[in-house]
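One structure below.
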Amino acid sequence: MKPFLRRLAAVVGLTALCLSASAQTSSQSNRSALIVGVSTYASPDIPSLRGVGFDVGSARQIAAAMGIPDSRITVLRDAEATKAGILAALDRLASTVGEGGRVFVYFSGHGTRWFDPQVNGCKEGLLAYDQGTITNEEIAQRTRRVSETADKVMMFFDACHSDGVSVNRNRTRSLAGTDPVTLELTPKFFIKGSADNEVCSRPANVRTRSLLAEASRLGALSENFVQITSARADEVSFDDPNRGGLATQGVRDCLLGAARDLDASGAVSIREIEQCAQSFVEQRLAPFPSLQPHHITVTGNRNLVPAPSRPPMALAAAAPSPAPVAQKPPAPVVVNPAPAPVAAPAPAPVAVAPATPPPAASPPPPPPPPPPPAAPVDPGAAALATLREIEAQQNPRRKLDVTLSRSALRIGKDPLELRLKSSHDGHVYLVLLGSDRESFYVLFPNGLDRNNRIQADKPLNLPRPEWAITAKGPPGVNNLLVLVSDSPRDLSALTRGQAGALPTFSSALNTLNGRGSLIDLFTGQGLTGGSEAFAARLLRIEEIR
């Protein structure tokens, strides 16, 4: 469909303008983070983890890439990170999280297991500075309010909750490798309990390991929740004293630009970051044939886009981004002829705070693994992946019903008509990928009708009488994304006006940059403040002769 807009009032010169957006990371005042790092413990019997200082710096980089302002990042280090201190920080986070915001919780330190006679079995948890243990149940209880209030919650634990480490392997293991830098890897695991408690030092059952399962039992929704763990229940994850946890390094590098956008949607999802980070871990452990790589594991919403598309790489050796796919200019969507598309400016660099300890005290990190050869991109499939990725970011606590008057439109005859009903007050956006697959069009709001407010439980019919959209061909399938956002989105991120011109539809070319900027519009880049939550429906509309 090449939508044609008809105004029933006075004729006005209308211009459809192409994409002009920056992929800069912007901070959101309703996003928050809690970062906990325990490198030394009160008990001298517990091995130190010298790389945790680097992990804290890496976690800050991850938070910054997620758009979390530094003023809303809380850091607990070593003696601050007692069990009471960590639980109190989780309580404060729950009391201050913004409605519809995003939350990032990170822990780097030892995981542990112990025998619990109340369950007649082994329990798992994170080991606090004072040797207190924090279980998944306790974390889920303390973050219950966070899960109910925030739009998305991401938790990353770089610690072994339960591993195949025997009772005689509590102390540091030094592993000499072929790395030119002396490498010493320390298991991030300490067995709590008596030395004869051998059963809890063996590979764990996973019954008590899933934070998502416990959070879901308390009402959290898997679509709003992501948990990243550095290793499976029966594996060891490692601390590198010169660079930090292997899992943290991998996730950091991949989130900051090393991950490949496998479906060419224009953004990198947690699923794609997981694959990239796993490759990093396998490369780093390759010099040790006696070791099997531990597996970074993601549960919850694996389609979550945690950061804007193509954030600038903060490390020296970034994997190259795939070259943009050449596309024809968008077809006119105007009454008068449209000017040539305005090229999107190159993203401005974003300064990211260096990891701590200062880089001067450590060797440079190894380069990320080279990306696989880029597969040929089908622009139509990539554009549909973009719309599906946006839909996957929705909050299921928001309900949206959409009814089409016709699911098949006759070219040149039938108008697009739909009826919406939302469970929440919000702002309506209609994004069309036409049957020509050349461009995306934000059909509503537009230059003739900017009032896109909708009231909860009150039906809204679109288009309104002042404008109409008629099928213009070619024959094929259109995909229409209908979205109701709690807060308005800034469409100027997609368009740039000209003097004396009134934009009709905001549009974005079906290129890698265009697809990425469209995702950014609905995952934080275009947010004007307030709740980030939205409901979405992706509809299929046929055009026929």
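The values are calculated or read from the model by the stated rules, or taken from the named source; none is laboratory data. For clarity, every value in this text was computed on a predicted model and none was experimentally measured. Note that each Cβ is placed from the backbone with ideal geometry, even for glycine, and that neighbours are counted across all protein chains shown. All accessible areas refer to the heavy atoms of the entire protein, side chains included, with ligands and DNA or RNA removed. Shrake-Rupley method; radii C 1.70, N 1.55, O 1.52, S 1.80 Å.
Values for this structure:
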item: For the stretch 70-79, 3J(HN,Hα) per residue [Karplus equation, 6.51 cos²θ - 1.76 cosθ + 1.60, θ = phi - 60°, Hz, x = Gly/Pro]; result: 4, 5, 10, 10, 9, 10, 10, 10, 6, 4
item: Highest to lowest packing among 466-474, 220-228, scored as the average C-beta count within 10 Å; result: 220-228, 466-474
item: Nearest-10 value in Å² for the accessible area of Asp263, using the 1.4 Å probe; result: 50 Å²
item: Dimensions (Å) - the stretch 215-304, Cα atoms, principal axes, largest first; result: 41, 34, 21
item: Sequence of Asp457, Asp130 from largest to smallest accessible area, 1.4 Å probe; result: Asp457, Asp130
item: Largest-first principal axis extents, alpha carbons of the stretch 398-482, Å; result: 36, 25, 23
item: Part-to-part distance (alpha-carbon centres) for the stretch 39-115 and the stretch 381-424, which is given in Å; result: 40 Å
